[in-house]
Amino acid sequence: MDAGDQGDGGLAFEVLDPAPVGVAVTRGPEHRLVYTNAVYRSLFGDPRGEVPIEEAFADFARRHHRAHFDRVHATGEPVTGTAEPAVPLAGGADTRERYFTSSLSRIVFGPGDYGVLVVVVEVTEQTTAARRVAALSEQRRRILRRYESLMRVSADIFWVTSREGYVSEPSPSWERVTGQPWEECRGQGWLRMVHPDDRPGTIESWSRAVTEVSEVWEHVYRLRTVDGGYRHFQLRAVPICENGQVLEWVGLSSDIERQWQEQRCQRLLDRAATATAQLRSLEEMLGALADVIVPELADGCGVYLVTDLTDERHGGAPFIIERLATAARPGLRRLPPYSEEQLSAGNAFVKAVRRRRPLLKTFPAGSPPPELVPAGTRPWLTGNDANSALILPVVVDGAVPAVVCVVTCGDRPAISRADISLLNRMFDHAHDALSRAIRYQRTQQIALALQYSLLAEPPRLPGLRIVARYRASPAAAEVGGDWYDSFVLPDGVPVLVIGDVSGHDLSAAVAMSQLRNMLRALAMDRREPPGEILARLNVAMESLSGDVTATCVYARVEQLGAGHRLRYAVAGHPPPLLVTPEGGGRFLTGALSPLLGLPYAGTRVSEVAPLPPGSTVLLYTDGLVERPGEHLDEGLERLRRLAESAADEPVDRFCDQMVSGLPISGLDDIAVIALRVPPEP
């Protein structure tokens, strides 16, 4: 720039006064300030006289360095500074940080006489705004980095859905916990990771929240985790709204497995305590505990009474168990609650009882190992795809009166160590109640042992199968008067007998024993038709002390060509039931006469009924069909329908179902004896 002949006064520079930017002019190598306009003076003050810039504006000179002025003065090359901070003037009132953009250019006053033109624009507001935006951007990036780091290390899952409730953004935490990638999770794909049992409830609850726009949605479900197991998660979600419209949903899923397990543990312990508090018998208590276990902890449960009966009736078997109660989750067929089985020494039940420690076995679905459970239970495990079984000895007062078998099936995870610990705690909490029931049950066992000593094991005959069952009344600890008997006459004819002496005490048991022995003696000696044998027995009863009355069915199983027939007589007893293999059943109502022990001069007749191949004859006592306030015909009809439905079962299972499959009063003993004739060749 050529300044011409302006002189030191620099009056020609007055044309720069209206400029909207700050302007200053220096002259000579000393850079004496010769001109400033109004804008410049408003920015940096109003120095008087021509003074070097170091004296006039020491702060500005330090900022821009004297070297810049020297270079511009000497070379003529301009220098520009962008958004440079300026140090406030010493003693100035304005202490805020300010920013300027400046340019330095050489001007010519004359030959060899140069100066520097300074143009300055304040950009404090623009610079501050830009820096604020940059700071906000950096803060946002830092928050995002923290958020992403939190998702990587947190046990929680963060997720976002559209207003319709479909997952709309990737969730690294979801993939980390479940292992499900974004491509499979998006939309409603996340539901595949929810436990099948919890899926319908989750869909219903979430749909209702989205439709009704709940202020806060909360829900608990089981989520399949990356290790293949399931854990409980608490879900919370809130809608993000703008102008009254839902834009999206933001949710958090928190792992509450430990908390849920603690709550479940306490809940089950409380339920177990409540279930056993008002019960008296061991059978009822163990059955109530089985109902607590299923379906909370397992899909099936069986409770078995351990008995040491090893008399001739059981052939000295090393281990005998009676199944007292069963439970199964909805959708699975429930095993009959009663059965009796002999176990070998190698059975897992025997090992668990002897060691007094739980025994857990896991196996491929539907393929339980041999000798794991009683033979009658194994088909249930196979048919329901069982994958694990826990055999838990119940220790009460140092003894093992019962064993609990807990089973999981299908896709349900195998029984865990935590479940075993919980089951142990459950039975520990019920110890006192079980101890009282055990003492009562031991009294019953003594009576039962006496009863069994009076009941003969049915004979084993070629082609014929005879099975008997006796179940004592759970409401009484005394010996009853129900009995069954079966033996072979000298002429080779098998005999079936069932009877019931009035009363439920020791005298009834004594009278029952006497009647049994007298009937055997008369039958073996006379070999007469059943009606005549019962008539002789009625006369013989006059020798018994006291007023003894009894009911009885006496039947001969006679060969008829290649088949069989039943010749029978009934004295005041419920009629025999004949069931064909096709499932047809009818009561044999002929040959009826009054009960025994009363004077009766009439003839006690006998009747004959053909036995079709494969058919079953069932004799039973009234405890199986009688209920208070109900006509006997209703109980008989229930028995007939049940027997027809079990006609194709093996005769031992047939008897088990008769004993356990009917609603009974529990006030009387139950005795049954069944004969199965061979099927047609």
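Taking segment 563-593 only, how many residues are in a loop (DSSP other than H, G, I, E, B), touching a helix residue (DSSP H, G or I) at 6+ places or on another chain (Cβ under 9 Å) and under 20 Å from Leu537 (Cα atoms)? Residues meeting the conditions: 4.
Out of the residues in segment 161-173 meeting the condition of being over 19 Å from Ser205 (Cβ atoms) and out of contact with any Gly (no Cβ under 9 Å at 6 or more places or on another chain), tell me which one is surrounded by the most Cβ atoms within 10 Å (Cβ to Cβ).
Only one residue tops the list, namely Ser171.
Going by the conditions given, is Arg222 touching a helix residue (DSSP H, G or I) at 6+ places or on another chain (Cβ under 6 Å) and under 23 Å from Gly410 (Cα atoms)? Here the answer is no, as Arg222 does not meet what is asked.
Taken over segment 619-660, the criterion of being of a type in the set (A, V, I, L, M), in a helix (DSSP H, G or I) and either surrounded by 14 or more Cβ atoms within 10 Å (Cβ to Cβ) or touching a Leu at 6+ places or on another chain (Cβ under 9 Å) (or both) is satisfied by Leu624, Leu636, Leu639, Leu642, Ala643, Val651, Met658, Val659.
In segment 292-300, is there at least one residue being exposed (fewer than 15 other Cβ atoms within 10 Å of the Cβ), charged (D, E, K, R), at pLDDT 85 or above and part of a loop (DSSP other than H, G, I, E, B)? Yes, segment 292-300 has at least one match. Among the residues of segment 136-160, those that are at pLDDT 55 or above and not in a helix (DSSP H, G or I) comprise Asp156, Ile157, Phe158, Trp159, Val160.
Restricting the search to segment 582-592, which residues are within 19 Å of Leu636 (Cα to Cα) and in contact (Cβ under 8 Å) with a residue 60 or more places away in the chain? Hits for segment 582-592 are Gly583, Gly584, Gly585, Ala591.
Residues that are in a loop (DSSP other than H, G, I, E, B) and either of a type in the set (D, E, K, R) or free of Cβ contacts under 8 Å to residues at least 40 places away in the same chain (or both) within segment 20-44 comprise Pro20, Glu30, Asn37, listed in sequence order. Confirm whether Leu598 is part of a loop (DSSP other than H, G, I, E, B), in contact (Cβ under 8 Å) with a residue 24 or more places away in the chain, surrounded by fewer than 22 Cβ atoms within 10 Å (Cβ to Cβ) and of a type in the set (A, V, I, L, M, F, W, C). Here the answer is yes, as Leu598 does meet what is asked.
For (1) out of contact with any Gly (no Cβ under 9 Å at 6 or more places or on another chain); (2) in a strand (DSSP E or B); (3) among the hydroxyl-bearing types (Ser, Thr, Tyr), each residue gets a yes or a no:
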| residue | (1), (2), (3) |
| --- | --- |
| Ser513 | yes, no, yes |
| Ala523 | yes, no, no |
| Glu532 | yes, no, no |
| Leu537 | yes, no, no |
| Asp547 | no, no, no |
| Glu558 | yes, yes, no |
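Could you tell me which of the residues Ala437, Ala508, Ala472, Ala430 is modelled with pLDDT under 80, surrounded by 19 or more Cβ atoms within 10 Å (Cβ to Cβ) and assigned by TED's automatic domain parsing to the domain that holds Glu322?
Working: Ala508 fails: assigned by TED's automatic domain parsing to the domain that holds Glu322; Ala472 fails: assigned by TED's automatic domain parsing to the domain that holds Glu322; Ala430 fails: modelled with pLDDT under 80.
Answer to the selection: Ala437.
May I ask you to verify whether Leu279 is closer than 24 Å to Thr362 by Cβ, in contact with a helix residue (DSSP H, G or I) (Cβ under 9 Å, 6 or more places away or on another chain) and outside the structural domain of Thr178 (by TED's automatic domain parsing)? Spelling it out, it is not the case that Leu279 is closer than 24 Å to Thr362 by Cβ, in contact with a helix residue (DSSP H, G or I) (Cβ under 9 Å, 6 or more places away or on another chain) and outside the structural domain of Thr178 (by TED's automatic domain parsing). Examine segment 190-204 for a residue that is over 22 Å from Asp411 (Cβ atoms) and not small (Gly, Ala, Ser), and state whether such a residue exists. No, there is no match, as no residue in segment 190-204 is over 22 Å from Asp411 (Cβ atoms) and not small (Gly, Ala, Ser). Just so you know, in segment 226-283 the residues that are basic (Lys, Arg) and in a helix (DSSP H, G or I) include one that is farthest from Gly165 (Cα to Cα), and it is Arg271. If you go through segment 358-402 and keep only what is among the β-branched types (Val, Ile, Thr) and closer than 16 Å to Val294 by Cα, you end up with just Ile391. Pairs linking a residue in segment 161-183 that is at positive phi and in a loop (DSSP other than H, G, I, E, B) to a residue that is crowded, with 18+ Cβ neighbours inside 10 Å and small (Gly, Ala, Ser), with Cβ atoms under 8 Å and 6 or more positions apart or on different chains, are Gly165/Ala209.
Looking at Val501, Val553, just one residue is touching a residue at least 60 places away in the same chain (Cβ under 8 Å), assigned by TED's automatic domain parsing to the domain that holds Gly590 and either surrounded by fewer than 16 Cβ atoms within 10 Å (Cβ to Cβ) or within 54 Å of the chain's Cα centre (by Cα) (or both), and that residue is Val553. Quick one: would you say Asp491 is surrounded by 20 or more Cβ atoms within 10 Å (Cβ to Cβ) and touching a residue at least 12 places away in the same chain (Cβ under 8 Å)? Against the criterion (surrounded by 20 or more Cβ atoms within 10 Å (Cβ to Cβ) and touching a residue at least 12 places away in the same chain (Cβ under 8 Å)), Asp491 does not qualify.
Quick check: is even one residue across segment 208-218 within 29 Å of Gly244 (Cα to Cα), acidic (Asp, Glu), assigned to a loop (DSSP other than H, G, I, E, B) and not assigned by TED's automatic domain parsing to the domain that holds Asp411? So far as segment 208-218 goes, yes, one or more of its residues are within 29 Å of Gly244 (Cα to Cα), acidic (Asp, Glu), assigned to a loop (DSSP other than H, G, I, E, B) and not assigned by TED's automatic domain parsing to the domain that holds Asp411. Here Leu588 meets each of (1) buried (at least 18 other Cβ atoms within 10 Å of the Cβ); (2) under 18 Å from Gly463 (Cβ atoms); (3) not small (Gly, Ala, Ser) with one exception, condition (2).
Can you find a residue in segment 214-229 that is modelled with pLDDT of 90 or more, of a type in the set (Ser, Thr, Tyr) and either surrounded by 15 or more Cβ atoms within 10 Å (Cβ to Cβ) or closer than 25 Å to Leu289 by Cα (or both)? Yes, because at least one residue in segment 214-229 is modelled with pLDDT of 90 or more, of a type in the set (Ser, Thr, Tyr) and either surrounded by 15 or more Cβ atoms within 10 Å (Cβ to Cβ) or closer than 25 Å to Leu289 by Cα (or both). Under 23 Å from Ser660 (Cα atoms) and modelled with pLDDT of 95 or more: is that true of Leu619 in this structure? So Leu619 fits the description; yes.
The values are calculated or read from the model by the stated rules, or taken from the named source; none is laboratory data. Keep in mind it's a predicted model, so treat the numbers as computed, not measured. Note that we place each Cβ from the backbone using ideal geometry, even for glycine, and neighbour counts take in every protein chain shown.
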